[in-house]
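The values are calculated or read from the model by the stated rules, or taken from the named source; none is laboratory data. Just so you know, these numbers come straight off a predicted model, no measurement behind them. Note that we place each Cβ from the backbone using ideal geometry, even for glycine, and neighbour counts take in every protein chain shown. Accessible surface areas use protein heavy atoms only, side chains included; no ligands, DNA or RNA. Shrake-Rupley method; radii C 1.70, N 1.55, O 1.52, S 1.80 Å.
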Amino acid sequence: MHNQVTIINHPLIQHKLTLMRKAETSTAKFRSLLKEISLLLAYEVTRDFPLKDEFIKTPLGPMNAPVLAPEKKLVIVSIQRAGQGILDGMLELMPTARVGHIGLYRDPKTLVPIEYYFKVPQDVDKRDVLIVDPMLATGNTAVAAVERLKSTNPLSIKFICILAAPEGLEHFTAFHPDVPIYTVAVDEYLDEHGYIIPGLGDAGDRLFGTK
Ligand code: URA
């Protein structure tokens, strides 16, 4: 596997992904599992965040204690619509993060992404970006989203998903070798409709109960 791809192999996350995959898992359960996985993912993808010491007083005395360096400013950019599920979890752990939205849908025939919405904070060029979308399938949407984000000149970009297809990883890494990818699993292949097999189905439909 390319070294820009990190598979988050934590037992809790793997277990929760298996529950999400099951066809019989309800919309409500799917939603809460995605949120829980996202909290755990946020923990992993922020490992390299810088700390600085702050002078504080505990009830028993003074100390220098680590806090997140205030100059580290984040934007979580959700690819609509399924990215919303990851965004909700991440915001719970990082409530001060700013949020961006990219609306890109896949043309069902060509699978080519078409942009219908783009809104990020004005100072994105002074921020680190986490782009979130549960499924890295063909990679077309992810490649287009990162390209669009790069045009706003952020300090850094990480791409975070739950499931990836080998084809999507290959496509993404060819276009954006500088963008690290975090995923929970890499599945077998893409079917002719661009679905990840065995996957978990349509993440948006399962998250919002639209099927
Ligand atoms: N998007 C999904 O929601 N599921 C897939 O399997 C592929 C793309």
Task: Efficiency of FRET between Ser26 and Ile114 - r from beta-carbon atoms, R0 30 angstrom, step 0.05 - done: 0.45
- [ ] Compute the long axis of helix 140-150 from its Cα atoms, compare it with the longest principal axis of the Cα atoms of the chain, and write down the angle in degrees, 0 to 90, nearest 10.
- [x] 40 degrees
- [ ] Note down the relative contact order for the range 93-211 as a percent, whole number, built from C-alpha pairs under 8 angstrom at least six residues apart.
- [x] 21 percent
- [ ] Work the Kirkwood hydrodynamic radius out for the range 107-159: mean of 1/r over every pair of different alpha-carbon atoms, inverted, in Å.
- [x] 12.0 Å
TODO: Go through the range 80-87 residue by residue and turn each phi into a ³J(HN,Hα) via Karplus (6.51, -1.76, 1.60, θ = phi - 60°); whole Hz please, and just put x for glycine and proline.
DONE: 6, 9, 6, x, 4, x, 6, 3
Task: Length-normalised contact order of the range 41-141 in % [C-alpha pairs under 8 Å, at least 6 apart] - done: 27 percent
Open item on the list: Using 0.36 nm times the number of residues separating Lys211 and Leu19, minus their current alpha carbon distance, what extension gain do you get?
Closed with: 67.2 nm
Task: GluC sites (Glu not before Pro) restricted to the range 1-76 and DSSP loop, no more than 12 other C-beta within 10 Å - done: Glu24, Glu71
Open item on the list: Out of the total accessible area of the range 5-208 (probe 1.4 Å, heavy atoms of protein only), what percent is carbon and sulfur?
Closed with: 56 percent
Open item on the list: For the chain, what does the relative contact order come out to in percent, with C-alpha contacts under 8 Å and a separation of six or more?
Closed with: 22 percent
TODO: Counting helices only, and only those DSSP H runs with n ≥ 4, report the 222 nm mean residue ellipticity of the chain as the sum of -39,500 (n - 2.57) divided by its residues, in deg cm²/dmol to the nearest 500.
DONE: -10000 deg cm²/dmol
- [ ] Could you work out, for the range 1-94, what percent of all Cα-Cα pairs fall into each 5 Å distance bin, beginning at 0 Å and stopping at the bin that holds the largest distance?
- [x] 2, 11, 16, 18, 17, 13, 9, 7, 5, 2, 1
TODO: Using only Cα atoms, tell me the angle between helix 27-45 and the longest principal axis of the chain; keep it within 0 to 90° and round to the nearest 10.
DONE: 50 degrees
Open item on the list: Probe of 1.4 angstrom, ligands and nucleic acids ignored: what's the accessible area per residue over the range 5-208, in square angstrom?
Closed with: 50 Å²
TODO: For Asp107 and Glu147, compute 0.36 nm times the residue count separating them, minus their Cα-Cα distance, and round to one decimal in nm.
DONE: 12.6 nm
Open item on the list: Test of understanding: what is the full-extension gain from Glu192 to Lys72, defined as 0.36 nm times their sequence separation minus their Cα-Cα distance?
Closed with: 39.0 nm
- [ ] Return the percentage of antiparallel bridges among DSSP beta bridges fully within the chain, rounded to the nearest 5 %.
- [x] 40 percent
Task: Cα centroid separation, the range 105-147 to the range 178-202 (Å) - done: 16 Å
- [ ] Could you tell me how many degrees, from 0 to 90 and to the nearest 10, lie between the Cα long axis of helix 166-175 and the main elongation axis, the longest principal axis, of the Cα atoms of the chain?
- [x] 60 degrees
Open item on the list: Given R₀ = 25 Å, what would the calculated FRET efficiency be for Gln122 paired with Leu155, taking r from the Cβ atoms and rounding to 0.05?
Closed with: 0.95
TODO: For a quick protection proxy, order the peptides 74-80, 116-122, 61-67, 181-187 by their average other-Cβ count within 10 Å, most packed first.
DONE: 74-80, 181-187, 116-122, 61-67
Open item on the list: Let me check the size of the range 5-208 from its C-alpha atoms; what are the radius of gyration and Dmax in Å?
Closed with: 17.7, 66
